[in-house]
1. From the list Val263, Val256, which one is assigned to a strand (DSSP E or B) and surrounded by 19 or more Cβ atoms within 10 Å (Cβ to Cβ)?
2. Restricting to the range 7-52, give me the number of residues that are in a helix (DSSP H, G or I) and in contact with a His (Cβ under 8 Å, 6 or more places away or on another chain).
3. Give the number of residues within the range 209-234 that are within 18 Å of Glu283 (Cα to Cα), open to solvent by 20 Å² or more (accessible area, probe 1.4 Å), within 14 Å of the ligand (Cβ to nearest atom) and touching a residue at least 60 places away in the same chain (Cβ under 8 Å).
4. Name the residue that is farthest from the ligand (Cβ to nearest atom), counting only residues in the range 183-206 that are buried (at least 22 other Cβ atoms within 10 Å of the Cβ) and more than 30 Å from Leu79 (Cβ to Cβ).
5. Considering (1) surrounded by fewer than 15 Cβ atoms within 10 Å (Cβ to Cβ); (2) in a helix (DSSP H, G or I); (3) not small (Gly, Ala, Ser), say which one Ile95 fails and leave the rest.
6. Here are the criteria: (1) at pLDDT 95 or above; (2) under 24 Å from Asp269 (Cβ atoms). Tell me which single one Gln10 does not satisfy.
7. Here are some residues: Thr250, Thr264. Which one is within 16 Å of the ligand (Cβ to nearest atom) and of a type in the set (Val, Ile, Thr)?
8. Which of the residues spanning the range 20-34 are farther than 20 Å from Ser285 by Cα and either open to solvent by 80 Å² or more (accessible area, probe 1.4 Å) or within 21 Å of the chain's Cα centre (by Cα) (or both)?
Amino acid sequence: MEQNTISKTQAQFAQDVKDGLMASPKHLSSKYIYNQKGDMLFERIMELSEYYLTECEFDILNKNKEQITALFLQNAASLNLVELGAGNGKKTKIILKQLLKTNREFRYVPIDISDNALAKLKNSLSLEFPNIKVIPKQGTYFNMLETIESSETIKNVILFLGSNIGNLTRDQAIIFLAKLAKGMHGNDMIFIGCDQKKNPQTILNAYNDPHGVTEAFNKNLLERINKDLNANFNLDNFIHWEVYDPESGTAKSYLVSKTAQRVTIESLDLEIDFKAWETIHTEISQKYDDAHIADLAQAAGLRILTQFSDDKNYFKNYILIK
Ligand code: AVI
């Protein structure tokens, strides 16, 4: 079964790479950055002072933990705290610690595609909080959400932190939220982190750090294609390029070919030609304001119950309900 899932993922990766590099303009999906090396590079990005998102959300949770957990526990005989894309759990631990203090019944259900990430998280939680009931679920978000019990007496609160929603296009984000909404009952909630529009320079700096970590993160797409699909991308022949449109709030990442070059992808039996300065679009990181979130929520059959922000209004966490 696991073997099947892996080969299915690999086959999808191969197909998406083929479609994306044969398209005009070329594109690749940022979801493929996250192999073991990509996860490690993202951890490093989250430590960068330029990448303000993590610290802002951490501050929001820390400053508002009593009020946030009180809302989570409202009308809940029993609570499932479900986290999509659990990561290292650093931010979630603030909430878990606060929930423990209340002596109320709850379970923490982290969902992640990575077995490795879940095992590490479970291990660190069992050392730090041995009394918390942790039910890790390895798989894709929606497959796993279907396996979670929901009833009149069990309230599900879905955490989707880190502005991960920003890596989806508008249509993808609405489909994603609408699918979550469909599975929600009664008092269920979504607690979602959304990076906000701000000085464009601050945003550009966050996605173009001078240490080259974001560059390596972006180029990990090519490195993964080299490794998994037997290709010969020369990473030095590409530059990482970031643009931000303050009107739409969309930050876009590209890899730009410095020269005319031909790349061979053996496993796909494919040769790809690049013109000098031709682009591969790799990621969007959408920045929001309240009207934008209200609009997405409404299109998905949801509404904003309340919101929390940091002192600079760089980042917000919204509670969405049906
Ligand atoms: C995971 N995601 C929310 C990050 C973001 O801010 O879009 C990924 C990232 N890309 C470059 N730096 C961080």
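1. On the way: Val256 fails: surrounded by 19 or more Cβ atoms within 10 Å (Cβ to Cβ).
Matching residue, one of Val263, Val256: Val263.
2. 1
3. 1
4. Among residues in the range 183-206 that are buried (at least 22 other Cβ atoms within 10 Å of the Cβ) and more than 30 Å from Leu79 (Cβ to Cβ), the one farthest from the ligand (Cβ to nearest atom) is Ile203.
5. Every listed condition holds for Ile95 apart from (1).
6. (1)
7. Thr250 is the lone residue from the list that is within 16 Å of the ligand (Cβ to nearest atom) and of a type in the set (Val, Ile, Thr).
8. Across the range 20-34, the qualifying residues are Met22, Ser24.
The values are calculated or read from the model by the stated rules, or taken from the named source; none is laboratory data. For clarity, every value in this text was computed on a predicted model and none was experimentally measured. Every residue, glycine as well, gets a Cβ built from its backbone with ideal geometry; the counts of neighbours run over all protein chains shown. These area figures cover heavy atoms from the full protein model, side chains too; ligands, DNA and RNA do not enter into them. Shrake-Rupley method; radii C 1.70, N 1.55, O 1.52, S 1.80 Å.
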